[in-house]
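Chemist: Below is a structure I'd like to ask you about.
The values are calculated or read from the model by the stated rules, or taken from the named source; none is laboratory data. The shown structure was predicted, so the numbers you read here are calculated from the model rather than taken from an experiment. Cβ placement follows ideal geometry from the backbone for every residue including glycine, while neighbour counts extend to all protein chains displayed. When the accessible area is computed, the model is the full protein with side chains, heavy atoms only, and any ligands, DNA or RNA have been set aside. Shrake-Rupley method; radii C 1.70, N 1.55, O 1.52, S 1.80 Å.
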Amino acid sequence: MIIPIDKDNIPYQFEIELAGDVFIFEIHYNAEYDFFTVDLYRDEEVLAYGEKLAYGSPLFRTYADERFPKETIIPRDKAGVETAVTYQNLGETVFLFVSDSDE
C-alpha cells in the first residue's frame, strides 16, 4: 500500500486507516531546506510532531508504543535509485510505502 501525498495542498491533514485504527497525518514542507515532516494524531492526541521523512528510514521507529501504527511506513522508490526525499521526487518516484511490521 502507498500513502498518497498531495503536495499542492501542503500543509494539510488527512485521515488514514492502518490495521483497523484511524490516524490523522498532517503533512508539512520546509522549502528552505527541502524536507517534509509529518505530525501524527490518534483520537485527537498528538503522538508525534515534526517527524522528518528520511529516505529509507521507517517513520515513527523511535516510538515503542502500541498507540502508533503497527505497520512500517518507509519513504522509498521502487527502483532503489533515489537517496533522499525531496519536493521534486515525493509523489513522483518516492512514495510512503506501508507494510506489515512482520514482513
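Chemist: Please identify the GluC sites (Glu not before Pro) of segment 1-78 that satisfy two criteria: DSSP loop assignment and at most 10 other Cβ atoms within 10 Å. Which are they?
Modeler: Working: sites: GLU15, GLU17, GLU26, GLU32, GLU44, GLU45, GLU51, GLU66, GLU71; in loops: GLU32, GLU44, GLU66, GLU71.
Sites meeting the loop and neighbour criteria: GLU32, GLU44, GLU66.
Chemist: If you place +1 on the Cβ of every Lys and Arg and -1 on the Cβ of every Asp and Glu, how big does the dipole about the Cα centre of the chain come out, in debye to the nearest 20?
Modeler: 340 debye
Chemist: Another one. Counting Lys +1, Arg +1, Asp -1, Glu -1, what net charge surrounds VAL85 among other residues with beta carbon under 13 Å of its beta carbon?
Modeler: Within the 13 Å Cβ shell, the charges total -2.
Chemist: Another question, if that's okay. If the cut-off is a Cα-Cα distance under 25 Å, which lysines reach LYS70, setting aside same-chain residues fewer than 8 apart in sequence?
Modeler: Cα-Cα hits under 25 Å: LYS52, LYS78.
Chemist: Could you give the distance between the Cα centres of segment 5-22 and segment 44-101, to the whole Å?
Modeler: Going from one Cα centre to the other spans 12 Å.
Chemist: Tell me which label goes with the value of Rg/Rh (Cα atoms, Kirkwood Rh) computed from the coordinates here: [x] 0.93; [y] 0.96; [z] 0.99.
Modeler: Given [x] 0.93; [y] 0.96; [z] 0.99, the calculated one carries the label [x].
Chemist: Now for a different question. Whole number in Å², please: accessible area per residue of segment 48-103, 1.4 Å probe, ligands, DNA and RNA not counted. Walk me through the intermediate numbers first.
Modeler: Numbers: 3420 Å² over 56 residues.
The answer is 61 Å² per residue.
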